[in-house]
Amino acid sequence: MTSLDHPPFPTDKSIPVQDLLVVDYKLLKEGDQEQADVLWEAATKWGFWYLKNHDAEPFVGPMFEMGKETLSLSLEEKMKYWQGNKGASPGYREAGKKYVDAEGSLDASEYINVAKDDAMAYPRIVHRDYPAPVNRYMQDTIIPFVQTCIEQSKVVMRVFENKLGLPLGTLMALHDPGKTCISEARCIKVAATPKGTKIALGQHTDYGSLSFLSNRQGGLQVLVPETDGDEWRYVKPIEGYSICNIGDTLTIMSGGILKSCTHRVVPPPGAQAGYDRWSLVYFSRPTNDVYLKALVNESAYIAEAVQNAEDRDVYFPKMTAAQWFVKKGSLYRTDLNR
């Protein structure tokens, strides 16, 4: 067995699993209205959905291999590429640097982040340099993976622009891939969890706009909205499918119409718990200079949603996307005074 092999997700009916809608990316890209409606239902009810027939799939396996090689380096070598604790994201982050609950338990995930800006400008450095395995995989794996995720973001956002009554290109202008931002690819390892571990990554909403997740094992859980915030259910990984979700900045821009659902990572269920858990995410985020606010002047639909909101201030955080990321990323850090 390799480190990426593992038993299947258990079929035990006692394990709570949340069904998600499935969006066919190939049809969505071709302009299929039925698929656009499915996406819209998922994005406005849960904020989570499966994406099948997506263009990033050929690069998922090689991206995991890149992550495996990188995170197998010695801690001393990995720490040469530490992301730091001042709000920067590209680079390496070791496990145990965030609190995950009120008891002070620490997270169990380590990861390597590769900035979209560095991948698209390679070999020119925009933010930072990377470990040798990252550079070896850059041309044939990381760059095409990032490019396909950017295109997938465009397709999804075109649907949202249409449904929200926004002028064509409004959301994509705020996520211009040619401008500096904190969009990135992240490969994550959660080591086979020690007995007694309850949470590998604490509950949160994603900071940015769209997340595209490929994971090999269970462990991702979503907080079920209609249960008053006290029921968690697993999202079952499906071979060849991405798990996609809305992040905070799209929720802000849409005046709460698009939902950013709370989620967390716990040890995989059943026999999978005895294996290292690997996952791969592409985070699509607005450009750093975007001033976050609900797009009330661009859409009557959004303006009405904000007008009817109980707390309108949450849709006007009075900061840029870059400032938002630093604020959110600093929450629950254990090493801010390092």
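The values are calculated or read from the model by the stated rules, or taken from the named source; none is laboratory data. Since the model is a prediction, treat every value here as computed from it, not as a measurement. Positions of Cβ are generated from backbone atoms using ideal geometry, with glycine treated the same way; all protein chains shown enter the neighbour counts. The area values use the complete protein model at the heavy-atom level, side chains included, leaving out ligands, DNA and RNA. Shrake-Rupley method; radii C 1.70, N 1.55, O 1.52, S 1.80 Å.
Points to keep in mind about this one:
- Restricting the stretch 100-116 to residues that are buried (at least 20 other Cβ atoms within 10 Å of the Cβ) and among the hydrophobic types (A, V, I, L, M, F, W, C) leaves a set whose member that is farthest from Ile150 (Cα to Cα) is Val100.
- One residue alone among Val100, Val126 is closer than 23 Å to Gly202 by Cβ and aliphatic (A, V, I, L, M), and that residue is Val100.
- Residues in the stretch 152-207 that are in contact with a Leu (Cβ under 6 Å, 6 or more places away or on another chain) and charged (D, E, K, R): Glu161, Lys189.
- Against the criterion of being in a strand (DSSP E or B), modelled with pLDDT of 95 or more and either of a type in the set (Val, Ile, Thr) or out of contact with any Gly (no Cβ under 6 Å at 6 or more places or on another chain) (or both), Arg186 qualifies.
- Apart from one condition, Trp40 fits all of (1) in contact (Cβ under 8 Å) with a residue 60 or more places away in the chain; (2) out of contact with any Phe, Trp or Tyr (no Cβ under 7 Å at 6 or more places or on another chain); (3) outside any helix (DSSP H, G or I); the exception is (3).
- Subset of the stretch 154-186 (residues that are under 28 Å from Tyr111 (Cβ atoms), open to solvent by 50 Å² or more (accessible area, probe 1.4 Å) and touching a residue at least 40 places away in the same chain (Cβ under 8 Å)): Asp176, Lys179, Thr180
- Test: residue in the stretch 315-334 that is closer than 30 Å to Ile15 by Cα, touching a residue at least 12 places away in the same chain (Cβ under 8 Å) and not in a loop (DSSP other than H, G, I, E, B): no
- A single member of Val306, Val281, Val296 is modelled with pLDDT of 95 or more, in contact with a Lys or Arg (Cβ under 6 Å, 6 or more places away or on another chain) and either closer than 19 Å to Met172 by Cα or part of a strand (DSSP E or B) (or both), and it is Val281.
- Flag if Val156 is out of contact with any Asp or Glu (no Cβ under 8 Å at 6 or more places or on another chain) and either closer than 23 Å to Ile125 by Cβ or hydrophobic (A, V, I, L, M, F, W, C) (or both): yes
- Applying the set (1) assigned to a loop (DSSP other than H, G, I, E, B); (2) out of contact with any Phe, Trp or Tyr (no Cβ under 8 Å at 6 or more places or on another chain) to Gly87 leaves exactly one unmet item: (2).
- Matching residues in the stretch 73-122 - criterion: being more than 21 Å from Ser330 (Cα to Cα), touching a residue at least 40 places away in the same chain (Cβ under 8 Å) and hydrophobic (A, V, I, L, M, F, W, C): Leu73, Ala119, Met120
- Criterion applied to Arg233, Arg264 was being outside any loop (DSSP other than H, G, I, E, B), closer than 19 Å to Ala95 by Cα and open to solvent by 30 Å² or more (accessible area, probe 1.4 Å), and the one residue passing it is Arg264.
- Checking the stretch 57-69 against the condition returns no match, with no residue being out of contact with any strand residue (DSSP E or B) (no Cβ under 6 Å at 6 or more places or on another chain), assigned to a loop (DSSP other than H, G, I, E, B) and either at pLDDT 95 or above or buried (at least 17 other Cβ atoms within 10 Å of the Cβ) (or both).
- The condition (being under 21 Å from Glu184 (Cβ atoms) and at pLDDT 95 or above) is satisfied by just one residue among Leu28, Leu21, Leu39, Leu51: Leu51.
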